[in-house]
Structures are given as structure tokens and as C-alpha cells.
Amino acid sequence: QVQLVESGGGLVQAGGSLRLSCTASGSDFSRSTMGWYRQAPGQQRETVATITSARRINYVDSVKGRFTISRDNAKNTVILQMNGLKPEDTAVYYCNMYLEYTSYWGKGTLVTVSS
């Protein structure tokens, strides 16, 4: 049974930073594609950043240059470092694992950016 547990959300002022962490259990983490997604109130969930098992990385245009995704296979952990936060980054952030044609989700962590 795959479990993903996120941490690191919270309230921050515009221009500030937060570091989101997601730890996976019950899976072959190193072979998976890991990602961070977000969903703002009244909006659809969108992809923020993904990192493959080969460490190929993609970002949504709105976070390029501000967010950094990384993974530590020894710790089964994926990190999203968020700098230069803007009010429009406010959302629930979800960790995702894609492995063997199956997608797994964490419960999400709330990020609120005040202006």
C-alpha cells in the first residue's frame, strides 16, 4: 500500500519561501515519477513540477525560476522549494507518485501567501 505524506505548508507573506516535503512508503520510489500539483479554490488541479526517475524535470511556466523540485531516493522523499511566493500561489499542494501506470496522491498541504 503506497502512502504519501506531505509537510511544510503554511502561511507566508508575498516574497517569502516555503519548503514542501513528501515522503513515500510502500513503493519502489526510485523507479517512480514524482510530482507536485496544486488546486486553488474554485479552480482545477494543475501540475506544478515533476521529476522522473532519471531526474528529468518540468515546471509549469508560472513557477519557473522560483520553485525547485528535487528528490532523495535514499530517503524516499521529494522536495519542492518555493521562493518568491506570490498570492496567486495560494492553494492546496498535493504530492503525486506515478509508478507502473498507477497514480497515487497525498492528502495535500495548504499554502497561503498573503499580500
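The values are calculated or read from the model by the stated rules, or taken from the named source; none is laboratory data. Since this is a predicted model, take the numbers as computed values, not measurements. Backbone-built Cβ (ideal geometry, glycine too); neighbour counts: all protein chains shown. Just the protein is used for accessible areas: all its heavy atoms, side chains included, with ligands, DNA and RNA removed. Shrake-Rupley method; radii C 1.70, N 1.55, O 1.52, S 1.80 Å.
The residues of the chain have, on average, 54 Å² of accessible surface per residue, using a 1.4 Å probe with all protein chains present. Summing Cβ point charges (Lys, Arg +1; Asp, Glu -1) relative to the Cα centre of the chain gives a dipole of roughly 200 debye. Scanning residues 5 or more positions from V48 or on other chains, those with amide H under 5 Å from its amide H are W36, Y37, R38, with H placed 1.01 Å from N in the peptide plane. If the cut-off is a Cα-Cα distance under 17 Å, which lysines reach K107, setting aside same-chain residues fewer than 8 apart in sequence? Of all the lysines, none pass the test against K107 - Cα under 17 Å, at least 8 places apart if same chain. Largest GNM mean-square fluctuation among Q44, Q81, Q13, using the chain with Cα springs under 10 Å: Q44.
Express the carbon and sulfur contribution to the solvent-accessible surface of the chain as a percent, rounded to the nearest whole number, probe 1.4 angstrom. In the chain, the share of accessible area belonging to carbon and sulfur is 47 percent. Here the Gaussian network model covers the chain, with springs between Cα atoms less than 10 Å apart; of A14, A40, A74, A74 fluctuates the most. Length available on full extension from T112 to D28: 0.36 nm per residue minus the Cα-Cα distance, which gives 27.0 nm.
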